[in-house]
Amino acid sequence: MSITRTLEATAVKEGKWWTITIPELDQVSATKKITEVQEYAESLAAGILDVPNETIAVNVAYTMDPDTDAEWKAARADTVHAKELTIAAAARAKSVIEKLHTEGYSLREIESLVGVSFQRVSQILKS
């Protein structure tokens, strides 16, 4: 049998329970284990619609309280920003090392000036 219907569900932890809600069916189920959420959502949908489980697909979106969600999104944004800064810093460092080398500084002199190992200076100049 193939999937004949796809539904959306949400799962949120409330105390020790994961509450699973399928708005389109106006139905709710719960389990204590996050590993059972998907199975429970599919079984709930199949039972309500009176169809075999294998004909139903349920996309479960896990949610958290708004404050925690906002904090998580801020942390992810910080991570993206940090990566961007790291890339910019690496480009700037490469530019300085290339400039010094173009001005006639030896790899050993650059190593001493910028505090990067001789090997790393060499790698940067080859890249």
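The values are calculated or read from the model by the stated rules, or taken from the named source; none is laboratory data. Here the structure is a predicted model, which is why all the values come from computation and not from measurement. Cβ atoms come from the backbone with ideal geometry, glycine included; neighbour counts cover every protein chain shown.
Structure notes:
- Matching option when the condition is free of Cβ contacts under 8 Å to residues at least 60 places away in the same chain and assigned by TED's automatic domain parsing to the domain that holds A9, among L44, L85: L44
- Matching residues, segment 52-98, being exposed (fewer than 11 other Cβ atoms within 10 Å of the Cβ), more than 30 Å from L7 (Cβ to Cβ) and charged (D, E, K, R): D78, K83, E84, R92
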